[in-house]
Amino acid sequence: MSRIGKLPVTVPAGVEVIVDDNNLVTVKGPKATLTQQCSPMIKIEREGDVLHFSPLNNSRAAGAHHGLARTLVNNMVHGVTEGFEKKLQMIGVGYKAEKKGNDLVMHLGYSHPIVMTDPEGITTEVTAPTEIVVKGSDKALVGNHAANIRKWRRPEPYHGKGIRYIGEKVLRKEGKTGK
């Protein structure tokens, strides 16, 4: 059995969790409504304001889905109450970002500015000219959008320039030495 899967998920006040017969979990909260199809090898039981997850058999696949189902539902409950955010930092001469309506405009040293439109359910904020915050209620969408922003200029190891997550360590390499 999965150690993570054994942990119960506490449903806070103001959040409604609906589990149908096909293990389709719907979580409604103050920020959003999220749905997730869980594996049919997992049994989801609700006792008051606590959800318990258990595998239907002792197969390897059921054990793998046990912890996954619990984590996905826990992330949905956290997302509809508090939400998720990723912070990005731009390091480089002339690198800057600005917000124009629903678009994020980045100047990254290319001959043209990079324009990215926020997907549905995701918002981006520019807290400083070189800092971007991606917010949303779905953890996977927040991480995916932050990765798509970072993809335009990954941090490079020689000068350290690029877009990185705040707190990310970039291994620096020594450049060529002259004679």
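The values are calculated or read from the model by the stated rules, or taken from the named source; none is laboratory data. Note that the structure is predicted; figures quoted are calculated from it, not measured. Neighbour counts run over all protein chains shown; Cβ positions are idealised from the backbone, glycine included. Note: accessible area is taken over every heavy atom of the protein model, side chains too, but ligands, DNA and RNA are not part of it. Shrake-Rupley method; radii C 1.70, N 1.55, O 1.52, S 1.80 Å.
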*Modelled FRET efficiency - R0 41 Å, Leu171 with Thr10, Cβ distances, 0.05 increments*: 0.55
*Between (i) 20.9, 74; (ii) 17.4, 55; (iii) 16.2, 55, which matches Rg and Dmax of the Cα atoms in Å calculated for the structure shown?*
(i)
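In Å², and per residue, what accessible area does region 1-149 have when probed at 1.4 Å with the other protein chains present?
For region 1-149, the per-residue accessible area is 55 Å².
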*For Glu47, Glu98, Glu120, Glu156, what's the largest-to-smallest order of accessible area, 1.4 Å probe?*
Glu120, Glu47, Glu98, Glu156
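Among the chymotrypsin sites (Phe, Trp or Tyr not before Pro) within region 45-132, which fall in a DSSP loop and have no more than 13 other Cβ atoms within 10 Å of their own Cβ?
Here the sparse-neighbourhood loop sites are Tyr110.
Can you give the FRET efficiency to the nearest 0.05 for Tyr158 and Ala61, using r as the Cβ-Cβ distance and R₀ = 30 Å?
0.10
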*asked:* What does the extension gain come out to for Glu125 and Ser39, with contour length at 0.36 nm per residue minus their alpha carbon separation?
replied: 27.4 nm
*Value of [θ]222 nm, deg cm²/dmol, for the chain, DSSP H segments ≥ 4, -39500 (n - 2.57) each, nearest 500*: -6500 deg cm²/dmol
*Tell me, what HN-Hα J-couplings in whole Hz come from the Karplus equation 6.51 cos²θ - 1.76 cosθ + 1.60 at θ = phi - 60° for each residue of region 36-41, using x for Gly and Pro?*
8, 8, 8, 5, x, 7
_Per-pair calculated FRET efficiency, R0 = 41 Å: Asn23 and Lys96 via Cβ, rounded to 0.05_ = 0.35
*At a probe size of 1.4 Å, how large is the accessible area of Lys6, to the nearest 10 Å²?*
120
*Label-point separation in nm, Ala140 to Glu47, each point 7 Å along Cα→Cβ*: 2.9
*Within a Cβ distance under 15 Å of Gly14, other residues only, what is the Lys/Arg minus Asp/Glu net charge?*
-1
_I'd like the Karplus ³J(HN,Hα) series for region 127-138: coefficients 6.51, -1.76, 1.60, θ = phi - 60°, whole numbers in Hz, and an x wherever there's a Gly or Pro._
7, 9, x, 10, 10, 10, 10, 9, 10, x, 9, 9
*Considering only protein heavy atoms and a 1.4 Å probe, what is the carbon-and-sulfur percentage of the accessible area of region 63-179?*
52
